[in-house]
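Report on one structure; see the data block that follows.
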Amino acid sequence: MHINTEGKFNDNSYLIEAMTMNLPKFTAIYIVEHDGMRLMIDAGDAIKSRKIVKKIKDYGLYPINKLVLTHSHWDHAQGVAKLQQLMKESDIEILASERGVENLRNPQIVNEYYDFNMEKVENVIPLKDGDKIDVNGLELEIVNLYGHTRDSIGIIDRRNNNIFVGDAIIDKLDYNAFFIPPMPSDFSEDELLKTFNKLRDIKSGINSIALAHFGVWTGEDFEGIINSMEDLYFEVKNSIIEWHDANLSIDEIANKYVEKFMPNSKVWNAQLMKVLIEWMIDGLRL
């Protein structure tokens, strides 16, 4: 089952659409609530912060007490400063991987590559593998999921048998469209393969996976993602290398990608994939 509509999807968790780059159902923000405390996962981009806050209020989840960033890319962290400003009556704790603290404090590399201005994020509480976050008695466990970035983390909610993974393993936009993790500026294939192994090891304790791009996958669809993520990565990687080595243009590679991997997509097409293809190529170069 694919849950891709806004609202509550288990006893404690909500999906909020962030509308990054004005693309519907492209970026998800998640909120975990328990006994009056609210923890938000990722911040989206700054342009949509007011709309995000309105949605949070509409669902009765205002204000946010804690904000965990799955990694330091702009589409997950740019909205932090604006959200703090809009919810200034709440002293929001910002948490991220210990490897991400410096990236958030000095976001120049991400800003220069993606050409999105992300303000510094200060006073970040560092998280390491195995740390626990207490949401008024609901315990969330941090797991390092490096690869997509070397500061990516997952958040395990064992009470609800769910894991939030950001962009760590795959971005599956719907049943007919997906893209893989290699993105600038610090992709690591070695770390990605370790992450695949780690998720296979822990999958027996969970039955749903929440992706940043986009939505929650449960049951057989959850199993399918875990079982196919590594094969899909190498199939896409090898195809992109083949097309790139044949001196095809970005437009041509995007067309080939859509034809081979998502021919049945009614929403995602070669035009939308062009930027992602360029980013994947640059990530693979690393």
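From Asp115, Asp134, Asp75, grab the single residue that is over 15 Å from Ile41 (Cα atoms) and acidic (Asp, Glu). I'd like the intermediate steps shown before the answer.
Details: Asp134 fails: over 15 Å from Ile41 (Cα atoms); Asp75 fails: over 15 Å from Ile41 (Cα atoms).
When all the criteria are applied, what remains is Asp115.
Output the residues belonging to region 234-261 that are surrounded by 18 or more Cβ atoms within 10 Å (Cβ to Cβ) and either touching a Phe, Trp or Tyr at 6+ places or on another chain (Cβ under 6 Å) or within 22 Å of His73 (Cβ to Cβ) (or both).
Within region 234-261, Val236, Ile240, Ile253, Ala254, Lys256, Tyr257 meet the criteria.
Of all residues being acidic (Asp, Glu) and surrounded by fewer than 19 Cβ atoms within 10 Å (Cβ to Cβ) in region 68-92, which is modelled with the lowest pLDDT? Just the residue, please.
Glu89
Among the residues of region 7-55, how many are assigned to a loop (DSSP other than H, G, I, E, B) and of a type outside the set (D, E, K, R)? Spell out how you get there, then give the answer.
Just the residues of region 7-55 that are assigned to a loop (DSSP other than H, G, I, E, B), to begin with: 9-12, 18-19, 23-27, 35-36, 42-45.
With of a type outside the set (D, E, K, R) added as a condition, the list becomes 9-10, 12, 18-19, 23-24, 26-27, 36, 43-44.
Here the count works out to 12.
Checking Arg285 against (1) in contact (Cβ under 8 Å) with a residue 24 or more places away in the chain; (2) closer than 17 Å to His148 by Cα; (3) among the charged types (D, E, K, R), which single condition isn't satisfied?
If we test Arg285 against (1) in contact (Cβ under 8 Å) with a residue 24 or more places away in the chain; (2) closer than 17 Å to His148 by Cα; (3) among the charged types (D, E, K, R), just (1) comes out false.
Please list, ordered by first then second residue, the pairs with beta carbon atoms under 6 Å, 6 or more apart or interchain, first in region 239-255 and within 17 Å of Phe179 (Cα to Cα), second among the small types (Gly, Ala, Ser) and assigned to a helix (DSSP H, G or I).
Ala254/Ala270; Asn255/Ala270
Out of region 56-97, which residues are over 21 Å from Val135 (Cβ atoms), part of a loop (DSSP other than H, G, I, E, B) and among the polar types (S, T, N, Q)?
Once the filter is applied, which keeps residues that are over 21 Å from Val135 (Cβ atoms), part of a loop (DSSP other than H, G, I, E, B) and among the polar types (S, T, N, Q), region 56-97 yields Ser72, Gln78.
From the list Ala96, Ala81, which residue is in contact with a strand residue (DSSP E or B) (Cβ under 9 Å, 6 or more places away or on another chain), hydrophobic (A, V, I, L, M, F, W, C) and closer than 19 Å to Ala46 by Cβ?
Ala96
Being in contact with an Asp or Glu (Cβ under 7 Å, 6 or more places away or on another chain) and part of a helix (DSSP H, G or I) is the filter; apply it to region 98-112 and report the residue that is surrounded by the most Cβ atoms within 10 Å (Cβ to Cβ).
Asn103
On the given criteria, is Leu104 touching a helix residue (DSSP H, G or I) at 6+ places or on another chain (Cβ under 9 Å) and farther than 30 Å from Gly283 by Cα?
no
Matching residues to (1) in contact (Cβ under 8 Å) with a residue 12 or more places away in the chain; (2) crowded, with 20+ Cβ neighbours inside 10 Å; (3) in a strand (DSSP E or B):
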| position | (1), (2), (3) |
| --- | --- |
| Pro126 | yes, no, yes |
| Asp134 | no, no, yes |
| Glu139 | yes, no, yes |
| Thr149 | yes, yes, no |
| Asn160 | yes, no, no |
| Val165 | yes, yes, yes |
| Leu173 | yes, yes, yes |
| Pro182 | yes, yes, no |
| Ser185 | yes, no, no |
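The values are calculated or read from the model by the stated rules, or taken from the named source; none is laboratory data. Remember, predicted model here, so these are calculated numbers, not experimental data. A quick note on method: Cβ atoms are made from the backbone with ideal geometry, for glycine too, and the neighbour counts reach across all protein chains shown.
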